[in-house]
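See structure below.
Coordinate-derived values only; no laboratory data. This structure is a prediction, so every number in the text was calculated from the model and none was measured. FYI the Cβ positions are ideal-geometry reconstructions off the backbone, even for glycines, and counts take in every protein chain you see.
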C-alpha cells in the first residue's frame, strides 16, 4: 500500500475519525480552493506561543499564518486572552494545542494536576485514565484548547529510557492500550482532539530522541502484539490525530521496503513506509498526522534540515511541529513545494486534513472563551477530589521489611532524613523543595529529625558507627530525581566523599526509601528492604504519602512497571 491510499482525501473525511457532513466537506473544499500556495504552506506549521503578546503574534503572521499553535503553561487569564486574540487576528480558526498529559496544568498553572500517567496506571483502574481525559478536555477547552498532545501510549520496556518513565501508562501493553483508549474517548468528548503518541513507540531504547534518532527494536510480530495493538485500539476509538516520533522501527521498515539499506532507515517522522504503509495502510488511520517537535536532534541528524523540512510532509505528515527558525523553515518548505519534493497533490491532501480536523472540531462555530466561564471550570473542586483519589490509590509499597512500617513518633522518635535532590534535576523541572516539604510534614507529626550533611574527611577517617547506631531510631531517604528531556540518564549520585549518604546502616537501623518521581531507584539501592514509589510530587501525593507512612491510610497502588529493574538482588 502507498501513501496515496485514498486519493480523494475530501471524500475520505466523511469516514472516521473526521466524520464530516456535506456542509463540512464543502467548507474544507471551498477554504482550500481559496488559499494561495503560501497560505497552504502556512497551514502545515504548528508553532509555540511565546510571551502571549500581540507583538510576538504579529511577528509570526508577518512570515506566515500557521495552522496551529501550542501553549506552554500560562495563567488562565493569559490563555483566554491569547485565544481571543487569535480569533481576532486569524481568519481560519487555529488549532490550539498543549501537552495535556498529566492534567490541565499542562496548559494553565491553575489547572488540575490529576497525576502522571504512571500514577494513573498504578491505580490499576481504567476509569482513572478516563478522569484524566475528562480533566484535560473540560479544563483545556475552557481556555480555548482544542488539541491535546496526549495520550502517551509508549510502553516502558526499558527502565533506562530517559523519556518514557512516569510519562507512560507502564510496561503492560494491555493496560497501556486500555488506558489510552479511555483517555481518547474522554478528552474528545469535550471537542479536544487526542494525539496518540509517539508512533511507532518509545520505551525500548535507552536513548533520547531529543538527542539522537532512537530505535524501537521490536520484531514485526512483537510490534503488532504490543505497540500495534495500542495504536489500533486508539484508532478504533476515534483518535483524531497521531504524533509521529523521531524513532526508527527497522523491522517494519525492512519488511515494507526489503531493498532498504540499513544506512537508509529513517525515523518515522521522515519514513513514508511507516507513516504511509503501516500507519495509514495496515492500521487504517484516516486522521491527521503530526510530527513530534522538529527541533529534536532525532529529526535533524538523518539529513540536512533544508531537505528534512519538506521531506516530513512528502513522507506523509500533515503538520510540521515547531521550528528552529520560522522564517528559515518556512522558506525550506516553500522550496520543497517549488522543486517538487512536495507534490501539489500531497500539499493539498495535508492541508485538507488540517482543515478537516478544524471542521470536525467545529471550530467555526465555537463561542469565544470568557475568563469568568473558564475560572468556573479550571481547577474545579470535583477535579481536585479526583487528584486526591488518584494519589491515594497510586502510591505503591514496592517492598517492605516486616515490622518497619508504620513510622510513628512513638516508635521512631529520632529520625535521620536523607534528601536526594540534584540541582540539575530541579533545573529540568522537578518540583524544587519536595524533600523539604516531606521533612516539614514529618516534623509536624512529632518526629525529631536531623538532616544528613556530608562531612569532609579522608579515607580511613570516616563517620563513626556510633554517630548513627544508638542515635537514630530510623532513617528516611527521599529521592526527588526525575527523567527529563535532554538528559541521558538519571541515577542516584551519592554524596562525596566516598558515597557518604549511601545506606551504610541498613543492617542496623530501620530504613525507608521513598522515590517521588522515578520508579526505578532500586537499581542503585537494591538492598533497601522498604521501598515506596509515588510517581509524582504534587501536594495531594505528598499529603497521601505521609498518611500512609504513619499508618493512617493503606498502600493501595499496584506497580505498573518492573520496579526491580529485572535484577534478582533488588528483590532481597
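Here are a few things to note about the model shown:
- DSSP-defined antiparallel bridges as percent of all bridges, the chain, nearest 5: 10 percent
- In the chain, the longest principal axis of the Cα atoms and the axis of helix 22-33 are about 80 degrees apart.
- Relative to the current alpha-carbon distance between residue 493 and residue 410, full extension at 0.36 nm per residue lengthens the span by 26.6 nm.
- With contributions of -39500 (n - 2.57) from each DSSP H run of at least four residues, the per-residue ellipticity at 222 nm computed over the chain stands at -10000 deg cm²/dmol.
- Debye log10 I(q)/I(0) at q = 0.11, 0.12 Å⁻¹ for the chain, Cα point scatterers: -0.98, -1.12
- When DSSP beta bridges are restricted to pairs lying wholly in the range 1-132, around 10% turn out antiparallel.
- For the range 395-571, the relative contact order is 32 percent, taking Cα pairs closer than 8 Å that sit 6 or more residues apart in sequence and dividing their mean separation by the residue count.
- Once the convex hull of all Cα atoms in the range 156-303 is built, its volume per residue stands at 101 Å³.
- Shape of the range 1-116 from the C-alpha gyration tensor: oblate (a/c of 1.5 or more and a/b not above b/c, with a ≥ b ≥ c the square roots of its eigenvalues).
- Cα shape, the range 395-571, gyration tensor, a/c 1.5 rule: rounded
- Exposure proxy ranking for 498, 70, based on other Cβ atoms within 10 angstrom of each Cβ and starting from the fewest, stands as 498, 70.
- Residue order, fewest to most beta carbons within 10 Å, for 124, 259: 259, 124
- Percent antiparallel among DSSP beta bridges (both partners in the range 395-571, rounded to 5): 15 percent
- Proxy reagent accessibility, fewest Cβ within 10 Å first, across 535, 183, 157, 505: 505, 157, 535, 183
- Cα long-axis angle, helix 434-444 against the chain (0 to 90 degrees, to the nearest 10): 40 degrees
- Distance-filtered residues of the range 171-193 - backbone nitrogen under 15 Å, label point 7 angstrom along residue 19 Cα→Cβ: 184-193
- In terms of its alpha-carbon gyration tensor, the range 265-331 comes out prolate; a/c meets the 1.5 threshold, and the first ratio a/b outweighs b/c.
- Counting only alpha carbon atoms, the long axis of helix 326-338 and the longest principal axis of the chain meet at about 40°.
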